[in-house]
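Okay, so here's the structure we're looking at.
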Amino acid sequence: MITDIEDLIEKIRKYTQVSVSESRYKHSVRTAETAAELCERYGMDKKMGYLAGISHDMCKALSSELLISIASRDGKPIIGIEKNKPALLHGRAAAVKLKEEFDVDDPDLIEAVANHTFGLKGMCNLSKVLYVADKIEPGREHITESYLKKLKELDLNELAATVLQENIDFLKKKGKTVASESEELLKWLREECNEKS
C-alpha cells in the first residue's frame, strides 16, 4: 500500500523529467494521464494509473550495460530478445528502481511497470491499463478521436487484446520479432474474453 501517493508521483515525475529526453518525458505524462482516465473508466484508482504511467519509461535513456545490470536484480532471466536489444529492459529496470530507490512495494505497480513492454499472461488490471495507455496516448501518430471512441465501448480485456493484436501486427509488418510473452498474453486475453461472452 502506498501511503503518500501524491508525494511519490511528484518525486518520480521530477526524476523522469531530468532522466529522459523532453519528448520521452511528454510521452510519459500523456501515458500517465491516459492511464488515469482508463483507471477511472474501469473503476480503479486513478492515482495508481498516473503513477504507473509517469514511472514506466524513467529508465529509457540508460545505457545498455546499466539496463542489464539493474534489470538483472529482479531475479528473472534476461531472455534472448532482451539480450539482443537491451533497451527492451527499461521497464524491468524501472520496476527495480521503484523498489530500491523509491521504496515502492505495491505488487501491481511493480508488475505493471516491469511488464509494459511485452505484457504478461495473467497480468493484473493495472498492468493491462498501463500496457494500453502506453500504446494509445494521444501523442501516438495513429491515434484519432474515432479510434478512441471505438475503444471506449470495450471492456478492459477486450481493450487490451485489441491494442495488443494491433501492436503484434505492426511489429510483424516491420519484420521485427514478437516476444513469446506478447503471444501468450494475447491467447490468454482472448480466452478471458470468450469466457465472458
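The values are calculated or read from the model by the stated rules, or taken from the named source; none is laboratory data. Since this is a predicted model, take the numbers as computed values, not measurements. All Cβ positions, even for glycine, are placed from backbone atoms using ideal geometry, and neighbour counts span all protein chains on display. In case anyone asks, the SASA skips ligands and DNA or RNA and just uses the protein heavy atoms, side chains included. Shrake-Rupley method; radii C 1.70, N 1.55, O 1.52, S 1.80 Å.
Scanning the stretch 152-197 for residues that are touching a Lys or Arg at 6+ places or on another chain (Cβ under 8 Å) and over 17 Å from C124 (Cβ atoms) yields K152, E166, N167, V178, K187. For N167, the criteria (1) closer than 23 Å to G43 by Cβ; (2) out of contact with any Leu (no Cβ under 9 Å at 6 or more places or on another chain); (3) open to solvent by less than 50 Å² (accessible area, probe 1.4 Å) hold in every case but one, which is (1). Pairs meeting the criteria (first residue in the stretch 120-134 and over 13 Å from E192 (Cβ atoms) and free of Cβ contacts under 8 Å to residues at least 60 places away in the same chain, second residue open to solvent by 10 Å² or more (accessible area, probe 1.4 Å) and of a type outside the set (V, I, T), beta carbons under 6 Å, at least 6 apart or on different chains) are S127/E111; S127/N115. Taking the criterion of being within 20 Å of L98 (Cα to Cα) and touching a residue at least 60 places away in the same chain (Cβ under 8 Å), the residues of the stretch 33-46 that qualify are E33, A35. Of all positions in the stretch 174-184, none carries a residue that is farther than 30 Å from E65 by Cβ and either open to solvent by less than 20 Å² (accessible area, probe 1.4 Å) or in a loop (DSSP other than H, G, I, E, B) (or both).
Yes or no, residue by residue, for (1) outside any helix (DSSP H, G or I); (2) within 18 Å of L130 (Cα to Cα):
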position: L66; (1), (2): no, no
position: S69; (1), (2): no, no
position: P77; (1), (2): yes, no
position: K83; (1), (2): no, no
position: L89; (1), (2): no, yes
position: R92; (1), (2): no, yes
position: E101; (1), (2): no, no
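Set side by side, the residues L89, L126 differ, and just one is open to solvent by less than 10 Å² (accessible area, probe 1.4 Å), more than 19 Å from E10 (Cβ to Cβ) and not small (G, A, S), which is L89. When the stretch 39-64 is limited to residues that are part of a helix (DSSP H, G or I) and more than 13 Å from the chain's Cα centre (by Cα), the one that is surrounded by the most Cβ atoms within 10 Å (Cβ to Cβ) turns out to be C39. I'm trying to understand the selection: among the residues of the stretch 21-44, which are polar (S, T, N, Q) and under 19 Å from I143 (Cα atoms)? Across the stretch 21-44, the qualifying residues are S23, S28, T31, T34.
Do the conditions hold for A94, that is, is it within 20 Å of I5 (Cβ to Cβ) and in contact with a helix residue (DSSP H, G or I) (Cβ under 8 Å, 6 or more places away or on another chain)? Here the answer is yes, as A94 does meet what is asked. Filtering the stretch 103-121 to residues that are in contact with a helix residue (DSSP H, G or I) (Cβ under 9 Å, 6 or more places away or on another chain) and part of a helix (DSSP H, G or I) leaves D108, L109, I110, E111, A112, V113, A114.
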